[in-house]
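*Asks:* One structure, pasted below without further comment.
Computed from the coordinates by the stated procedures, all read-outs in this text should not be read as laboratory data. Bear in mind the structure is a predicted one, so any value in this text is a computation, not a measurement. When we count neighbours, we look across all protein chains shown, and the Cβ atoms used for this are built from the backbone with ideal geometry, even at glycine.
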Amino acid sequence: MSDMTEDTDRLGALRRWALILVPYLWLLGLFLVPFIIVLKISVSDIALAIPPYAPTLDLSQGWQGLRDFLGKLDFENYIFLTQDDLYWKAYLSSLRIAVVATVLTLLVGFPVAHAMARAPEEWRPTLMMLVILPFWTSFLIRVYAWIGILSGEGYLNQFLMALGVIDSPLTILNTPVAVYIGIVYTYLPFMILPIYATLEKMDDSLIEAAEDLGCTRLQSFWLVTLPLARPGIIAGCFLVFIPTLGEFVIPSLLGGSNTLMVGKVLWDEFFQNRDWPVASAVAVILLLLIILPVVLFQRNQERQGEAGK
């Protein structure tokens, strides 16, 4: 009997280890190993070769080859990033655009999520489907569609001129306004869904109790609804801010050459300048900037899980 118990305990321990091992292997293969490769390239030097950087590690030379390889690595690329205004301006511009776009997405997404949560229960799945529906279309096609809408002869200008609101076409495409429109449209579901999931669980009797105690609708919203929706708001803001910080497609297609973001700088360094070491250094610093909001998001999720127990 004791042998059967020991075998059961061992089998349970193996299953637990297997469950734990899978996500760690996933992180190792798809995050840690690529990050180490990019980090190594960032401390290399540009070279007219394939690959376009040096040095490369030759394992056939053993420990001596490894020592020579490590001795040739340096941090000159990181020093270069501090000396060129382009890069720190790109980081600041990306941070500014990400923060403003996150706030705009929140201002648009919160009323939509609140309306969905207060809608009749039989309508909620349909409204949820309408929010998710854009994901059924290619991201690139959706961004390209905005070019036809925002261009000088696009549908938006034609509509406004037909109504007599404007006399000449507005210049929206290839401006920061177009970038904000594209980001808000693209990442709006990431803001709506966490807020809706939080508000949908809220007890309506709390609002009624607040109003019975003398609160107006605005006061009950500020004192009851908004605090209860805070976990969803925080989650939605992180889900929008983190990918927006490194966005490349939207500023390239809608913002033109006037919009400076780190994603565009990375593309130019990798594929136009062919300077992989500098591009890798830019990518490493961008990753370090993203780690902080990711850690904060993870801690927020853990607090929500503990509060729900």
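*Asks:* Have a look at Leu140, Asn300, Ser94 and report the one farthest towards the positive end of the charge dipole of region 80-308, computed about the Cα centre with Cβ charges (Lys/Arg +1, Asp/Glu -1).
*Replies:* Farthest towards the positive end: Ser94.
*Asks:* Okay, moving on. Ranked by Cβ crowding within 10 angstrom, fewest neighbours first, how are Trp26, Trp136, Trp146 ordered?
*Replies:* Taking fewest neighbouring Cβ atoms as first place, the list is Trp136, Trp26, Trp146.
*Asks:* Starting from the Cα-Cα distance between Lys72 and Leu288, subtract it from 0.36 nm times their residue separation and give me the gain in nm to one decimal.
*Replies:* Residue separation times 0.36 nm, minus the Cα-Cα distance, leaves 75.4 nm.
*Asks:* Between Gly65, Gly154, Gly182, find the one with the highest GNM mean-square fluctuation for the chain; connect C-alpha pairs within less than 10 Å.
*Replies:* Comparing Gly65, Gly154, Gly182 in the GNM, the peak value goes to Gly65.
*Asks:* So, one more: Pick from Asn258, Asn174, Asn77: which is most flexible by mean-square fluctuation in a GNM of the chain where alpha carbon atoms under 10 Å apart are linked?
*Replies:* Largest GNM mean-square fluctuation: Asn258.
*Asks:* Can I ask one more? Normalising by the residue count of the chain, find the relative contact order in percent from Cα pairs under 8 Å and 6+ residues apart.
*Replies:* 25 percent
*Asks:* Oh, and also: Can you give the extra length, in nm with one decimal, that the chain gains between Ile141 and Phe31 once fully stretched, where that is 0.36 nm per residue apart less the Cα-Cα distance?
*Replies:* Stretched out fully, the Ile141 to Phe31 stretch lengthens by 36.8 nm.
*Asks:* Report the local net charge at Ala54: Lys and Arg +1, Asp and Glu -1, summed over other residues whose C-beta lies under 10 Å from its C-beta.
*Replies:* Net charge around Ala54: 0.
*Asks:* Rounded to the nearest 0.05, what FRET efficiency do Ala162 and Ala115 give with R0 = 25 Å and r taken as the Cβ-Cβ distance? Could you check?
*Replies:* 0.30
*Asks:* Then there's this: Kindly rank 41-48, 100-107, 247-254 from highest to lowest mean number of other beta carbons found within 10 Å of each residue.
*Replies:* Order by mean packing, descending: 247-254, 100-107, 41-48.
*Asks:* May I ask you to derive the FRET efficiency for Asp204 and Asn300 from their Cβ-Cβ distance with R0 = 30 Å, giving the value to the nearest 0.05?
*Replies:* After rounding to 0.05, the efficiency reads 0.75.
*Asks:* Calculated from DSSP H runs of 4 or more alone, at -39500 (n - 2.57) each and per residue, what is the 222 nm mean residue ellipticity of the chain, nearest 500?
*Replies:* Value at 222 nm, helices only: -23000 deg cm²/dmol.
*Asks:* Using a Gaussian network model of the chain with C-alpha springs under 10 Å, which one of Arg96, Arg67, Arg142 is most mobile by mean-square fluctuation?
*Replies:* Per the Cα network of the chain with a 10 Å cutoff, Arg67 tops the list.
*Asks:* Sort 69-75, 112-118 by the packing proxy (mean of other Cβ within 10 Å over each peptide's residues), most packed first.
*Replies:* 112-118, 69-75
*Asks:* In addition: Quick check: pseudo-label points 7 Å beyond the Cα along Cα→Cβ at Trp88 and Leu107, how many nm apart are they?
*Replies:* For the pair Trp88/Leu107, the computed spacing is 3.0 nm.
*Asks:* For the chain, how many pairs of lysine residues have a Cα-Cα distance under 27 Å, where the two are 8 or more positions apart or belong to different chains?
*Replies:* Lysine pairs satisfying the spacing and distance rule in the chain number 5.
*Asks:* Quick one: if the Förster radius is 25 Å, what FRET efficiency do Leu170 and Cys215 give, using the C-beta to C-beta distance and rounding to 0.05?
*Replies:* After rounding, the FRET efficiency stands at 0.05.
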